[in-house]
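Just so it is clear, none of the values below were taken in a lab; they were calculated from the coordinates. Predicted model only: the values in this text are computed from it and were never measured. We place every Cβ from the backbone using ideal geometry, glycine too, and count neighbours over all the protein chains shown.
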Amino acid sequence: MSRVYAMTPITEAIFQTPETEAKGIRLLAPDVEIFIAAALGCRERVETLLKRVPALATVRTPEGKTLLRVAAQHARYDVAALLLAHGAEIDERNGWGETLLHWAAQRGTPDLVRFLLAHGADPDARDLWGKTPLDRALDAGRRDLARLLQVPKALCFSGQPILCDL
């Protein structure tokens with residue numbers, strides 16, 4: 001099912017048409033455009049930009065936020081899976097040594113934690129303070145997420161992405 005978005009001058013600038021591109025009009029840099037498209041869940045546009053500039057899969061904001069982190073934090077799992085298929089790293093770290101799974105364990109949803117585990121995120125990764133995602137979930141009182149992080153690795157790391165239901 002495709003989504004329909006109302007086009008305003010800003011969204012028109014973000015999602016340029018072939019006509020504007022044919023005229024050589026570049027309204028946004030591709031690295032800015034792909035972050036907006038990922039946050040909005042516009043998988044087709046992200047894919048088009050990745051085909052044009054493959055290195056965008058690993059681009060970071062000036063603050064160090066990756067495209068994968070933006071897509072996952074906005075629950076755009078189809079975009080996140082696309083980015084992983086194009087070379088984004090599931091266990092990328094921010095300036096505090098946190099992986100996306102650390103963030104998800106503290107502030108995320110069960111679906112996000114399941115997605116990350118199913119795609120090979122390391123539940124034993126330690127941040128700069130020596131904390132694992134499980135530690136973060138327990139510190140935040142997120143017992144629901146802590147249970148997911150305690151699933152035996154053999155169930156989640158069988159080589160194929162699966163969603164672990166508990």
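Assorted remarks:
- Site pair TRP96 and LYS65 shows an inter-label distance of 1.5 nm when each label is modelled 7 Å from Cα along Cα→Cβ.
- ASP111, ASP122 arranged by Cβ crowding within 10 Å, fewest neighbours leading: ASP111, ASP122
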